[in-house]
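*Asks:* Following this message is one structure expressed as structure tokens.
The values are calculated or read from the model by the stated rules, or taken from the named source; none is laboratory data. The shown structure was predicted, so the numbers you read here are calculated from the model rather than taken from an experiment. Don't worry about glycine lacking a Cβ; one is built from the backbone with ideal geometry, like all the others, and counts go over all protein chains shown. To get the accessible areas, we keep the full protein, side chains included, count just its heavy atoms, and leave off ligands, DNA and RNA. Shrake-Rupley method; radii C 1.70, N 1.55, O 1.52, S 1.80 Å.
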Amino acid sequence: MTDVLVCIKRVPETSSQVLLSEDGMSVDARHVGHTVSPHEEAAVEIAIQVAEASGGTATVLTLGPADAVEQLRDAIAVGCTRAIHVEADSESFGPADVAAAIAEVVRGEDFGLVLVGNDAADSGDFQVGVRLAYALGRPVVTGISTLSLDGDTLTARGSGPDGDEIYELPCPAVVAIQEGGVAPRYPSIVGRMKAKKLPIETISTTVSPTTRRLGLTSPPERPSTVEVLGEGPEAAKAVVDMLVSIGVVSS
Amino acid sequence: MILVLVETDPQGVTLTSREALTFARTMGERMGDPQLEAVAVGPLPDTAAVLAHLGEQGVTTLHHADDERLAAYGAAAWAAAVVDVASSGAARLVVGSGTPRGMEVLAHVATRLDCLMAANVIALEDTDPLTVSRQVMGGGVFERMRLDGEVAVVAVAGHAVDPVPAAESRTTDVRTYEPALTDADLLTRVVRTEKAAGEDTSALTGAKVVVGAGRGAGSADGFTDLLELKDLLGGALGVSRVVTSLGWRPHHEQVGQTGSRISPDLYVACGISGAIQHWAGCQSAKTILAINTDPDAPMVTQAHYAVIGDLHEVVPAINEELRRRRG
Ligand SMILES: Cc1cc2nc3c(=O)[nH]c(=O)nc-3n(C[C@H](O)[C@H](O)[C@H](O)COP(=O)(O)OP(=O)(O)OC[C@H]3O[C@@H](n4cnc5c(N)ncnc54)[C@H](O)[C@@H]3O)c2cc1C
């Protein structure tokens, strides 16, 4: 039986230009929705799979503002049975701070396996899982897309430069999950009901964050220099002429 | 000393590591610390080619951790080998490339050195205090970040700079060493690699031509003409996240923030809107041709060339024209 903790982060859902706050220190997310990284959706799915297979539980944790309970409830709706909210101004938390705050929670509990997303969709720091593992004195692997647990041995698969790479490591461990190996499940109606009702454990952290952010800027807008080669199938000749001119097709 | 973790392939030092070397050299010069050294872990496929690349980049010494326990990749053990050199040489900066492997090893290095790490770095902003600019929000925003401390770790975003040879090339000395490794360092090594045909991403990340397809492909069966175009141009297929999450194509073909970063000579983006998370993966293509029904799609306005139309009509016509000209 293994109790799994999966850590997720509330981030703005943007697909086009990102707006910045007036002080240039954060993303202005008032007009967009929120989500978690695709990596974390996969991590939640794997947490539920491992917990089910071993007869354990899957707990979801987030460090973030009060509104981040929305993302916790999404994870409960698909099958996590416990939710921990470390309420904090996550904007000022660097990766080492987040790892230290999660480590505090893990130390007081009995989570054999801790999952995180490979890198958060917003800050993209690539370090929380690794720093957490060192804080807990556990082995860690990153970029993992499928995971199975047999006794105390984890088999983890990720993709490397020459094909799929397989690791075998002892549990307790920390694993950073990458999307692509599992299809996150959709919430059922029963799941949604559970998500509404389940009490969320709100706790605070003793970690004092030390952001190194000096400011955010939008990339310079690139003036459109697109040359439209035509409309519909008639453009084919112009396309191939262009391919010849850039040397991709020989004349 | 500025220390660069280099990754190698049968051609020598990988392109992204050569980019990191150029970036590190420029940083060192501006910081008044021009001593550029490199560290490579595990067996080198072609030592002469590696040394030629390093000499060209102005590297004085290659520290080569050659120990059979490092032959199989394992981030903790590789990091132990890097930290060994960084500590004994009092490195001011440890730089690597923003590949999955580079990023994983550097995260271990930063933790072991108890210092800050900046991922996806694209520019050096200031040397006092040391400040870098890096991509966040999948490349949709730049963050200025301060790297306080005696040592810092920097992962350079793929294709943020071109690899430029140093003003003077050098003969790089090789120092082979055996790093001190503990049992814990060796717990997380790759136990085996499985090469399923076409399953690895190197074909996509190294391709000169990538034919991309998004939701506009319409269904899993909508790829026939796109695959033919890919074959006619001798390239690889890359897709948007919508395509992989709908299960039309496998994830290893995904381009973008949570997929592969590509830098082909030509990217043909068919039926792809060009959301920032996709753009993050394809923006370093030299030429982008967008084929889209929507003339206002970001992919169209940011491309070099565009055809406005239904890809299911345009792509077969291009294939036909290519076949006709080949005779
Ligand atoms: C944290 C995060 C990470 C993400 N990572 C990635 C990533 O790695 N890669 C990625 O791609 N996305 C990623 N996304 C998703 C991204 O935001 C977009 O949703 C996605 O890229 C859109 O895919 P698309 O362009 O194929 O589909 P759509 O946005 O639906 O666009 C389809 C386009 O096709 C055009 N079209 C439709 N029919 C035709 C036709 N018959 N012929 C020609 N054109 C047609 C339309 O005009 C439109 O422009 C991520 C999102 C998040 C939140």
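*Asks:* Looking at (1) open to solvent by less than 30 Å² (accessible area, probe 1.4 Å); (2) in contact (Cβ under 8 Å) with a residue 40 or more places away in the chain; (3) not in a strand (DSSP E or B), can you tell me which one A:Leu154 breaks?
*Replies:* Failing condition for A:Leu154: (3).
*Asks:* Here is a further query. Which residue, of B:Leu113, B:Leu51, is touching a residue at least 60 places away in the same chain (Cβ under 8 Å), in the same structural domain as B:Met145 (by TED's automatic domain parsing) and in contact with a strand residue (DSSP E or B) (Cβ under 8 Å, 6 or more places away or on another chain)?
*Replies:* None of the others qualify; the one that does is B:Leu51.
*Asks:* Here is a further query. Can you tell me which residue is farthest from the ligand (Cβ to nearest atom) among those in the range B:254-269 that are small (Gly, Ala, Ser) and modelled with pLDDT under 95?
*Replies:* Taking the range B:254-269 as the starting set, the residues that turn out to be small (Gly, Ala, Ser) are B:256, B:259-260, B:263, B:269.
Among the residues that remain, those that are also modelled with pLDDT under 95 are: B:259-260, B:263.
Numbers: B:Gly259: 4, B:Ser260: 8, B:Ser263: 15 Å.
So the residue we want is B:Ser263.
*Asks:* Still on this model: Output the number of the condition that B:Arg112 fails; it satisfies all remaining conditions of (1) open to solvent by less than 10 Å² (accessible area, probe 1.4 Å); (2) over 24 Å from A:Gly180 (Cα atoms).
*Replies:* (1)
*Asks:* On to the next question. How many of the residues making up the range A:209-237 are surrounded by 17 or more Cβ atoms within 10 Å (Cβ to Cβ) and either more than 7 Å from chain B (Cβ to nearest Cβ) or in a helix (DSSP H, G or I) (or both)?
*Replies:* Residues meeting the conditions: 4.
*Asks:* Still on this structure, please answer the following. Here are B:Ala207, B:Ala236, B:Ala166: which of them is away from the ligand (no atom under 16 Å from the Cβ) and outside the structural domain of B:Val39 (by TED's automatic domain parsing)? Show your work before the answer.
*Replies:* Working: B:Ala236 fails: away from the ligand (no atom under 16 Å from the Cβ); B:Ala166 fails: outside the structural domain of B:Val39 (by TED's automatic domain parsing).
After applying the criteria, what remains is B:Ala207.
*Asks:* Given the conditions (1) within 14 Å of another protein chain (Cβ to nearest Cβ); (2) in contact (Cβ under 8 Å) with a residue 40 or more places away in the chain; (3) within 17 Å of the chain's Cα centre (by Cα), which single one is not true for A:Ser15?
*Replies:* (2)
*Asks:* Also: Please go through the range B:41-70 and pick out each residue that is over 22 Å from the mean Cα position of the chain (by Cα), farther than 17 Å from B:Ile2 by Cα and open to solvent by 20 Å² or more (accessible area, probe 1.4 Å).
*Replies:* Correct list: B:Ala48, B:Asp66, B:Glu68, B:Arg69.
*Asks:* Working carefully through the options B:Arg249, B:Arg241, find the one that is within 12 Å of another protein chain (Cβ to nearest Cβ), modelled with pLDDT of 95 or more and within 9 Å of the ligand (Cβ to nearest atom). If you could, list the steps in order and put the result at the bottom.
*Replies:* Numbers: B:Arg249 fails: within 9 Å of the ligand (Cβ to nearest atom).
Going through B:Arg249, B:Arg241 in turn, just one is within 12 Å of another protein chain (Cβ to nearest Cβ), modelled with pLDDT of 95 or more and within 9 Å of the ligand (Cβ to nearest atom): B:Arg241.
*Asks:* Here is a follow-up. If you scan the range B:281-306, which residues turn out to be near the ligand (Cβ under 7 Å from one of its atoms) and either surrounded by 20 or more Cβ atoms within 10 Å (Cβ to Cβ) or within 7 Å of chain A (Cβ to nearest Cβ) (or both)?
*Replies:* Of everything in the range B:281-306, those that are near the ligand (Cβ under 7 Å from one of its atoms) and either surrounded by 20 or more Cβ atoms within 10 Å (Cβ to Cβ) or within 7 Å of chain A (Cβ to nearest Cβ) (or both) turn out to be B:Gly281, B:Ile291, B:Asn292, B:Ala297, B:Met299.
*Asks:* Conditions: (1) touching a strand residue (DSSP E or B) at 6+ places or on another chain (Cβ under 6 Å); (2) of a type in the set (Asp, Glu); (3) free of Cβ contacts under 8 Å to residues at least 40 places away in the same chain; (4) outside any helix (DSSP H, G or I). B:Glu104 meets all but one. Number of the miss?
*Replies:* Every condition holds for B:Glu104 apart from (4).
*Asks:* Next question. Determine whether the range B:307-319 contains at least one residue that is more than 10 Å from the ligand (Cβ to nearest atom), more than 9 Å from chain A (Cβ to nearest Cβ) and touching a residue at least 60 places away in the same chain (Cβ under 8 Å).
*Replies:* Taking the range B:307-319 first, the residues more than 10 Å from the ligand (Cβ to nearest atom) are B:316-319.
If we keep only those that are more than 9 Å from chain A (Cβ to nearest Cβ) too, we end up with none.
Checked the range B:307-319: no residue is more than 10 Å from the ligand (Cβ to nearest atom), more than 9 Å from chain A (Cβ to nearest Cβ) and touching a residue at least 60 places away in the same chain (Cβ under 8 Å).
*Asks:* Would you mind listing the strands (runs of 3 or more DSSP E) fully within the range B:130-210 where at least 3 residues are open to solvent by 20 Å² or more (accessible area, probe 1.4 Å) and farther than 19 Å from B:Val85 by Cβ? It would help to see each step written out before you state the result.
*Replies:* Details: elements: B:130-136, B:141-146, B:152-156, B:173-177, B:190-194.
Qualifying strands (runs of 3 or more DSSP E): B:141-146, B:190-194.
*Asks:* One residue is enough: does the range B:270-279 have a residue meeting the conditions more than 6 Å from the ligand (Cβ to nearest atom), open to solvent by 10 Å² or more (accessible area, probe 1.4 Å) and not charged (D, E, K, R)?
*Replies:* First pass over the range B:270-279, keeping only residues more than 6 Å from the ligand (Cβ to nearest atom): B:270, B:274, B:276, B:279.
Next, from what is left, pick out any that are open to solvent by 10 Å² or more (accessible area, probe 1.4 Å): B:276, B:279.
Then keep just the ones that are not charged (D, E, K, R); that gives B:276, B:279.
Yes: the range B:270-279 contains one or more residues that are more than 6 Å from the ligand (Cβ to nearest atom), open to solvent by 10 Å² or more (accessible area, probe 1.4 Å) and not charged (D, E, K, R).
*Asks:* Still on this model: Suppose we keep only residues that are more than 16 Å from the ligand (Cβ to nearest atom) and within 7 Å of chain A (Cβ to nearest Cβ) within the range B:115-129. Which one would you say is least open to solvent (accessible area, probe 1.4 Å)?
*Replies:* Of the residues in the range B:115-129, the ones more than 16 Å from the ligand (Cβ to nearest atom) are B:115-118, B:121-129.
Checking the rest, the ones that are also within 7 Å of chain A (Cβ to nearest Cβ) come to B:116-117.
Numbers: B:Leu116: 33, B:Met117: 3 Å².
So the residue we want is B:Met117.
*Asks:* Is there any pair linking a residue in the range B:236-254 that is closer than 19 Å to B:Ala203 by Cβ to one that is open to solvent by 50 Å² or more (accessible area, probe 1.4 Å) and part of a strand (DSSP E or B), with Cβ under 8 Å and at least six apart or on different chains, and which?
*Replies:* As it stands, the answer is B:His252/A:Ser159, since those pairs meet every condition given.
*Asks:* Of all residues in the range B:211-232, count the ones that are surrounded by fewer than 14 Cβ atoms within 10 Å (Cβ to Cβ) and either assigned to a loop (DSSP other than H, G, I, E, B) or of a type in the set (Val, Ile, Thr) (or both).
*Replies:* The number of residues fulfilling the criteria is 2.
*Asks:* Moving on. Which residues, taken from the range A:178-207, are open to solvent by 90 Å² or more (accessible area, probe 1.4 Å) and either acidic (Asp, Glu) or touching a residue at least 24 places away in the same chain (Cβ under 8 Å) (or both)?
*Replies:* Those that are open to solvent by 90 Å² or more (accessible area, probe 1.4 Å) and either acidic (Asp, Glu) or touching a residue at least 24 places away in the same chain (Cβ under 8 Å) (or both): A:Tyr186, A:Arg192, A:Lys194, A:Lys196, A:Ser204, A:Thr206.
*Asks:* Of all residues in the range B:78-106, how many are surrounded by 23 or more Cβ atoms within 10 Å (Cβ to Cβ) and among the hydroxyl-bearing types (Ser, Thr, Tyr)?
*Replies:* 1
*Asks:* How many residues are in contact (Cβ under 8 Å) with a residue 60 or more places away in the chain and more than 25 Å from A:Leu20 (Cβ to Cβ) if we restrict to the range A:61-103?
*Replies:* Result for the range A:61-103: 19.
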